[in-house]
Amino acid sequence: MIIMIFDRYKKSFPAKLSLYVISFITILSFVLVGVFYHYSTETLSQEAEDKIESMAETMAEIANLKVSALLSKVEKIPENLGWMIVEYVKEPDSLFGITRRIVKDNPEIFGCAIAFEPYYFPEKGHYFAPYSYMVGDSVKTIQVGSEDYNYFEKGWYKGAREHRYWSKPYRDAGDPDVITTSYAVPVHGEKHELIGILSVDLTNRWLRDLVDSIKPYKGSYTVVIDKQGRYILRREGEVMIGQNMFETAKEARDTNVTILVNEMAAGKSGSIIVDDGGVLSYVYYTPVVATDWYMAVICPYDQVFGKLSKFNMYLLVGFVLLLLFVYFICFVAVRRITKPLTIFAASARDVAQGNFNTPLPRIRSKDELGELYESFLFMQQQLTEYVDQLRRTTTANEKIESELRIAHDIQLGMVPKEFVPTFGAECIDIHAVLHPARQVGGDLYDYLMLNEDEFGFAIGDVSGKGVPASLFMATTISQMRSLALRDTSLNYIMNLMNQSLIRTGNTSMFITFFAGVLNLNTNRLRFCNAGHPYPLLIAPDGTVSFFKTADNLPLGVTSDYDYEEQECYFAPGSQLLLYTDGVSEAQNERSKFYKIDRLFNLVASHSQLAPRQMVDKVVGDVKRFVGKAEQSDDLTVMSFRLNARGKKKTEGLL
C-alpha cells in the first residue's frame, strides 16, 4: 500500500505540488505553534513555580517566626536564671517548679531540664538535673542525673558548654510517639562562670501542624532536615529516627536527589525536579533561618504542571485539526488547478507510443498551460519530421560505433582513476593509465584498500583485442574484487579466478596477471605472477632492478595448476613499476619494437620521479617512439611508491 502511494506521488504533479504547499504550511505552522508554545508554557510553568515558592516561603517565614520567638524565650531563661539561682534559690528542689512552669507556659516545649555542674548544690551531690516533661495533658517532674545517666558525658551537655546546641532527633523515653529534638544553652553565674545547662525538648508536632495547614497541591508534603542531614520532619508514615537524607540520596537512582541534599545543606534556596520513589516531583527548598534546619516542599509534577499538560493536549489537538483542514483545502485547490494537466498527459502518452498525429486537448488559456500546448504541438510536428529523417539516415555502422563508445566509457569506468587514501593509507602514492588500442581492449589494472592495513593492486593483459578481450577483462576485474574483499590470500584469489575463467569454456583466451598485497604495518609484500612481464623495482637509493618472481602459467590456460603466493620485505621509499606488453612491444612506423631495455634505461635515468611523473614519462616516451604509427596493442602502465607511514591517531576514537 505504501509503495503504491509512493509510486503515485512520484508520477503525479498535483501530488507533488500539494506536498510542496503542505510542507511549507506545515513548517510555518510548526514555527508559529512552537513560538506560541514556548511562551505560553513558560508563563504557565512560572505561574506554577511561583505558587510553590510563595507557599514554601510563607511556611518558612511562619516557622522562622515561631522558632525565633520560642528560642528568644529559651535564650532569655538562662540570663534570668543565673542571677536568680545565685540570689534567691536556697532550696534546690524549688527548681523543679521552674522547669514545670517552662513546660506548662510553652506548648511547643515537650520537656525542660536544668543540669548543674558537679556539687553546685553540695547537698545534692555530684548529679543534680531537675527535668519536667509532658505526659498526656499533665506535666511530670523527675531528677535525671545519676551514675546510670551521667549527663556530663552526653552530647547535649558537652555541646552546650560553649554555645547553643541542637541535638539530633530522638524518640523520647517519656512518650515513644513523640519525635523530639533538644535545644541546649549554657547558664552562667554572677562571674560568668558556667553553673549548668538549660535544655528544652521541642517536639515536631507544631511544625507538622503548620505543614499540614499549608499544602500547595494534592499529594505534596514537606521534609525538614538539620545541617547533618538528619530528618526533623518527614512524610507521615516514614521512619525518621536513625535516618539521614544524605544516605537516602545515595540510595536514590536519580542524581538530582544528591544535588538537592547538597544544595539544602549549603543553606541555599531554589527548585529542582527529582524522581521521588518513581514519582516525578517538583521540589522547592529553603533554609529555616532561625535554626540550623532546612525545609523542602515536594509536589507531584503532574499536580504542579497539570494545567500545562492539559494546555499541551488542547494545543496538540487543535493544531492537528487545523493542519488537516488546511491540507484538505490545499488538496482540493491544487487538484482543480492542475486538472487540465491530467487530460493533457493522456495525449502525451499516445505521442510517446509513436502516434505522433494523436489529437491534443484544446487549451484556450493564455497562461503557462497554453504555452505548453503550443510547445507540444510544435514538438509533435518536429518529431514526425525527425523520425522520418532518422529512418533514412541511420545505418548499422553508426549504431555499432555508438555502442563501442559506450563500451569504451564503461570499460574505463571499471578501473580506478585516482587513489584517494583512506585514514592510515596516506603512505601510498600510486598512479596508473590505460590506453586501449581500439575502442575497447583487454588490458586491466586495479588497486584498493582491502582492509585497514592491507593495500591490494593488480595488472593484467588479456590475449587478443576488441570486444571479446574487454568482456574477458570485465569478468576478471569483477571476480578479483569480489574475492579480494572476502579473503586477501593470493593463493585463494588466483586459484579461484583461474577455475572460474576455465569454466567459461573459452579455451582460446587467457590472461597474464600480476597481483600483490602490501601490509602497511609490517611492509611485507605478498605477490603472485601469472605469466606477466617482470615489474621494475626502484630501491630507496634509486637503484633500478627487475622484480624477479616465480614463473607461472597465465590464468585460464588449464585447471590443473596451483598458484602460490610469494613474500618479501618492501622497504619504505621503494617504488614498483608495472606494465603490459603494450609498452615493450610497441611498434613505430618502421615496425621496430620499443623493447624492455629502453624502458629499463628510461626508468634508471629518472628513478627519482614520483609515480605520476614516472607513468607520464614512460607513456610519453612510448608515444614519441611510435610516432604516427597506429597503436598495435593495449598499453597500461602503473607505478606506486611506499612512503614512511605515520603513527595512527587514536585521539577522539574512544
Note to self: Checking L642 against (1) over 26 Å from G442 (Cα atoms); (2) touching a strand residue (DSSP E or B) at 6+ places or on another chain (Cβ under 9 Å); (3) surrounded by fewer than 18 Cβ atoms within 10 Å (Cβ to Cβ), only one condition comes out false. Which one?
What the structure shows: (3)
Next item on the list: Residues that are farther than 23 Å from T512 by Cα and touching a Pro at 6+ places or on another chain (Cβ under 7 Å): find the strands (runs of 3 or more DSSP E) completely inside the range 562-654 holding 1 or more of those.
Entry: 635-642
Item checked: Residue that is most open to solvent (accessible area, probe 1.4 Å) [pool: residues in the range 502-551 that are hydroxyl-bearing (S, T, Y) and part of a loop (DSSP other than H, G, I, E, B)] -> T507
Next item on the list: Kindly provide the set of residues from the range 556-580 that are touching a residue at least 24 places away in the same chain (Cβ under 8 Å) and open to solvent by 40 Å² or more (accessible area, probe 1.4 Å), ordered by number.
Entry: V557, T558, S559, Y561, D562, E564, E565, Q566, E567, Y569, P572
Notebook entry, point to check: H188 passes all but one of (1) modelled with pLDDT of 75 or more; (2) buried (at least 21 other Cβ atoms within 10 Å of the Cβ); which number fails?
Noted result: (2)
Next item on the list: Scan A469, A458, A407 and give me the residue that is open to solvent by less than 60 Å² (accessible area, probe 1.4 Å), at pLDDT below 80 and closer than 18 Å to F510 by Cβ.
Entry: A469
Item checked: Single residue of Y301, Y294, Y285 found to be open to solvent by less than 20 Å² (accessible area, probe 1.4 Å) and either modelled with pLDDT of 80 or more or aromatic (F, W, Y) (or both) -> Y285
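Each row is one residue, and each column tells you yes or no for (1) within 28 Å of V21 (Cα to Cα); (2) at pLDDT 70 or above; (3) part of a helix (DSSP H, G or I).
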{"site": "P340", "(1), (2), (3)": "yes, no, yes"}
{"site": "S347", "(1), (2), (3)": "yes, yes, yes"}
{"site": "V351", "(1), (2), (3)": "no, yes, yes"}
{"site": "F356", "(1), (2), (3)": "no, no, no"}
{"site": "L360", "(1), (2), (3)": "no, no, no"}
{"site": "I363", "(1), (2), (3)": "yes, no, no"}
{"site": "L372", "(1), (2), (3)": "yes, yes, yes"}
{"site": "L377", "(1), (2), (3)": "no, yes, yes"}
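The values are calculated or read from the model by the stated rules, or taken from the named source; none is laboratory data. All of these numbers come straight from a predicted model, not from anything done at the bench. Cβ coordinates were reconstructed from backbone atoms using ideal geometry, including for glycine residues, and neighbour counts include every protein chain displayed. Ligands, DNA and RNA are excluded from the accessible area calculation, which covers all protein heavy atoms including side chains. Shrake-Rupley method; radii C 1.70, N 1.55, O 1.52, S 1.80 Å.
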